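The values are calculated or read from the model by the stated rules, or taken from the named source; none is laboratory data. Remember, predicted model here, so these are calculated numbers, not experimental data. Cβ placement follows ideal geometry from the backbone for every residue including glycine, while neighbour counts extend to all protein chains displayed. The accessibility values were calculated without ligands, DNA or RNA, using every heavy atom of the protein model including side chains. Shrake-Rupley method; radii C 1.70, N 1.55, O 1.52, S 1.80 Å.
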Amino acid sequence: MLKLIDNPPPWPNGARCAVCFAFDFDAESLLHLYYPDDATRRISLSSSLRYGARVAIPRIARIWKHFGLRQTVFVPGWCIEAYPAAIDALLADGHELGHHGWLHERPNQLTREDERTVLERGMAAIEKVTGKPPKGYRCPSGAFSENTLDLLIEHGFAYDASLPGDDIPYLLEGRAGRLIELPSDHPLDDWPQYVNLREFNMGMTIQSPARAMDVFRAEFDAAWNHGGVWAAIWHPFVSGRLARAEAMVALIEHMQARGGVWFATLAEMAAHIEGLTARGEWTPPVERLPFWPDPVPQLVRPGR
């Protein structure tokens, strides 16, 4: 087979690829962020988002336990405080909690100090329930700012999982040092497949689980063929719905039937990459931030 990844990392025990069903457990954080003045009146939207905490998280945890998987769930700090039973269900089975803001704030809309405040408040919420600071971060809405990388390095994070810059783990280099990036992209996001909510300006046609799984399965098969990483961007209130959860079971069965798949938390993947690099067994690609330190001058400006 023609290899399409030049430098895939060696995965543990000779695995062909690495897989993590990484979920973003947002609950009603988006509701309170975007509609602070009348969130209490939006009962139907709140009910839909609460489904993630009340029904989907226990269901997802049951699926992972059935297959003997430990995975990663990114959680805004507010959600940790608002839904302790759901958090307890995840921690009881050894799943990783990753940082996902405080109320799903977009960092690139914040000042550096406000971004620091949100980062430290979310860290404190995770440390309170786990006894240790979080290892990983996923930027809410993918809104990575010019300050995010350096703040993550300053606060001791081991990895980020926000950017789509490669098919394998790579290093982000900023002013403060380097950080492992565990990439993903829209084809592994359940939002464009399933979400139709006018309150969040999302009006895509809802796909059947079979159509959505065609996309997710194709991405997995390619990662398996070429040595990549498959890290989902799924949401409990979305992919935890009954028919979609059934489809997730079938996808895991497909992955296990292929064999040679390393199911791991993203923290475990980051630790593996760090070990390979430290021992000189593999050299990851590097991207330096910011990509463009200054605006690129325009010769002309299009008319409006």
Report the Cα centroid-to-centroid distance between the range 225-269 and the range 144-173 in angstrom, as an integer.
23
Say each of Ala222 and Gln298 gets a label point 7 Å from the Cα, pointing the same way as Cα to Cβ; how far apart are those two points in nm?
3.2
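Can you tell me what the convex hull of the Cα atoms of the range 105-217 projects to on average, as an area in nm²?
Across all orientations, the range 105-217 yields a mean hull projection of 8.6 nm².
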Using the per-residue mean of other Cβ atoms lying within 10 Å as a proxy for protection, in what order, highest first, do the peptides 11-21, 180-190 fall?
180-190, 11-21
How do 145-155, 268-278 rank on mean C-beta neighbours within 10 Å, highest first?
145-155, 268-278
Rounded to the nearest 10 Å², what accessible area does Glu246 show when all protein chains are kept and the probe is 1.4 Å?
130
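Would you mind classifying the range 200-259 by shape? Square roots of the alpha carbon gyration tensor eigenvalues, ordered a ≥ b ≥ c; an a/c under 1.5 is rounded, otherwise it is prolate if a/b is larger than b/c and oblate if not.
prolate
Could you grab the relative contact order for the range 197-287? Cα pairs under 8 Å, six or more apart, rounded to a whole percent.
Answer for the range 197-287 is 20 percent.
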Of the candidates Asn147, Asn196, Thr130, the farthest towards the positive dipole end of the chain (Lys/Arg Cβ +1, Asp/Glu Cβ -1, centred on the Cα centre) is Asn196
Taking a probe of 1.4 Å, how large is the accessible area per residue of the range 1-107, in Å²?
44
Solvent-accessible area per residue for the range 116-166 (1.4 angstrom probe, square angstrom)
41
Rounded to the nearest 10 Å², the 1.4 Å probe accessible area of Met213 is 10
If I take every Cα pair under 8 Å that is 6 or more residues apart in the chain, average their sequence separation and divide by the length, what percent do I get for the relative contact order?
26
Set of aspartates and glutamates near Lys132 by C-alpha distance (under 19 Å), chain-local residues within fewer than 8 positions excluded:
Glu81, Asp88, Asp93, Glu96, Glu120, Glu154, Asp160, Glu268
Percent of accessible area on the range 1-140 owned by carbon and sulfur, 1.4 Å probe?
49
Considering the options Ala257, Ala247, Phe291, tell which one lies farthest towards the positive end of the dipole of the range 237-297, charges being +1 on Lys and Arg and -1 on Asp and Glu at the Cβ, about the Cα centre.
Ala247
Residue-normalised accessible area of the range 216-296, given per residue in Å² at a 1.4 Å probe:
45
By how many nm would the segment from Tyr35 to Glu113 grow when fully extended, if each residue of separation counts as 0.36 nm and the alpha-carbon distance is taken off?
25.7 nm
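Expressed as a whole percentage, what fraction of the accessible surface of the range 195-249 belongs to carbon and sulfur atoms when a 1.4 Å probe is rolled over the protein heavy atoms?
Carbon plus sulfur share of accessible area: 51 percent.
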Peptides ranked, highest mean first, by Cβ atoms within 10 Å: ranges 69-80, 125-136
69-80, 125-136
Dividing the Cα convex hull volume of the chain by residue count, how many Å³ per residue is that?
170
Taking only C-alpha positions in the range 125-174, Rg and Dmax in angstrom work out to 11.8, 34
